[in-house]
Amino acid sequence: MGVPRNNFDSISNDLKSDDPKVLAAYLKENFKAFQLPDETYMDWATQWVNQRWNRTGQVHCNKYTSLECKILLMGDSAHATSPSIGMGMNTALRDAQKFNELLDKFDDNLDEALTQYSIDRVPEGNSLTSLALNLYCFDTNVQMKSIVKGIVRSGLHYFFPTLVDPDPQAIIGQPEHTMADVYDMAMSQGTLRKHMVINQRIRQEFFENEVGMVKDKQVKKSSLMKHYLFVVVVPVAAACAVAVYAKQSLN
Ligand SMILES: Cc1cc2nc3c(=O)[nH]c(=O)nc-3n(C[C@H](O)[C@H](O)[C@H](O)COP(=O)(O)OP(=O)(O)OC[C@H]3O[C@@H](n4cnc5c(N)ncnc54)[C@H](O)[C@@H]3O)c2cc1C
């Protein structure tokens with residue numbers, strides 16, 4: 001689609017400067033949302049140069065509580081992940097809400113509440129981290145096809161809601177659906193498993209090349225035949241979009 005990725009090289013050199021004054025001037029000129037007091041630009045710039053570029057890590061745990069230590073994990077301590085699907089804070093807040101409900105349910109019996117909390121929340125946290133990593137495919141061609149398929153599915157779901165499930169992306173964050181529901185749906189539709197396999201391969205190949213485990217770097221070129229889906233699915237997606245628009249206009 002021509003959307004650029006990895007824009008680090010194309011951002012202003014001012015943003016890469018170690019001089020807070022340069023950064024403060026950049027912010028003052030380019031931050032358009034609202035005006036800040038002069039010392040705030042400098043405060044922001046000083047913090048900026050003193051911290052490294054952020055990276056995201058992933059946390060996976062198969063239990064979130066320890067009865068012996070009377071502790072529990074919630075939020076990023078239990079399931080930190082990339083913000084690709086924007087659900088880290090939502091899931092963290094839900095952890096707290098659910099634990100509060102369990103305390104009420106078990107009349108503040110900590111052992112029972114902790115045990116149930118881990119049983120209930122481990123599937124949620126691990127669904128979150130797996131979806132954040134694999135709902136999007138590292139292979140941009142495959143990802144593009146998945147997006148188009150998602151649009152077609154949404155169109156079909158609109159017309160035949162009892163026959164066709166929605167695109168899992170569309171139910172993320174809806175209160176009636178858990179992250180495990182989204183995970184289950186993405187798995188049953190095949191998208192998630194497919195992306196997992198491809199993403200794992202790409203990560204492994206990157207690692208092999210980085211550390212020199214393989215000598216020949218093979219560049220795989222996509223053939224035209226591999227894009228047959230694109231040729232078929234794009235027109236169908238466009239037709240669905242037009243049909244939805246026409247139906248809404250008629251209503
Ligand atoms: C770029 C980005 C975009 C995001 N977008 C979204 C979004 O759109 N929607 C969404 O739901 N989520 C989003 N998230 C995720 C969300 O920010 C986190 O999931 C959420 O902040 C986790 O909350 P938390 O309280 O578990 O952890 P944190 O917010 O990390 O809080 C932990 C706190 O503990 C403090 N701390 C650490 N160590 C110590 C110590 N030893 N002593 C005392 N204090 C300590 C830290 O300073 C921090 O204040 C995004 C995250 C990033 C990075």
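No value in this document is a laboratory result; all are computed from the given coordinates. Just so you know, these numbers come straight off a predicted model, no measurement behind them. We place every Cβ from the backbone using ideal geometry, glycine too, and count neighbours over all the protein chains shown.
Quick rundown of the values:
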{"quantity": "Label point distance in nm, Ser82-Asn6, each placed 7 Å from Cα along Cα→Cβ", "calculated": "1.3"}
{"quantity": "DSSP-loop trypsin sites (Lys or Arg not before Pro) across the range 118-220, with at most 10 other Cβ within 10 angstrom", "calculated": "Lys215, Lys217, Lys220"}
{"quantity": "Relative contact order of the chain, defined on C-alpha pairs under 8 angstrom at six or more residues apart (%)", "calculated": "14"}
{"quantity": "Cα-based convex hull, the range 1-76, per residue volume (Å³, whole number)", "calculated": "201"}
{"quantity": "Charge dipole of the chain about the Cα centre (unit charges at C-beta), most positive-ward option of Gly173, Ser66, Met187", "calculated": "Met187"}
{"quantity": "Added length on full extension, which subtracts the Cα-Cα distance from 0.36 nm per residue, Tyr158 to Ile71", "calculated": "26.8 nm"}
{"quantity": "Isotropically averaged projected area of the chain, using the convex hull of Cα atoms (one quarter of hull area), nm²", "calculated": "21.6"}
{"quantity": "HN-Hα J in Hz across the range 115-127 - Karplus 6.51, -1.76, 1.60, θ = phi - 60°, x for Gly and Pro", "calculated": "4, 5, 4, 5, 4, 6, 9, 4, x, 5, x, 6, 5"}
{"quantity": "Simple Cβ-charge dipole of the chain, Lys/Arg +1 and Asp/Glu -1, about Cα centre, in debye nearest 20", "calculated": "1480"}
{"quantity": "10 Å Cβ shell holding at most 10 others, DSSP loop, chymotrypsin sites (Phe, Trp or Tyr not before Pro): longest site-free stretch of the chain", "calculated": "54-251"}
{"quantity": "At q = 0.19, 0.20, 0.21 Å⁻¹, base-10 log of I(q)/I(0) for the range 10-50 (Debye sum, equal scatterers on each alpha carbon)", "calculated": "-0.47, -0.52, -0.58"}
{"quantity": "Ranked Met144, Met74, Met89, criterion: other C-beta atoms within 10 Å, fewest first", "calculated": "Met89, Met144, Met74"}
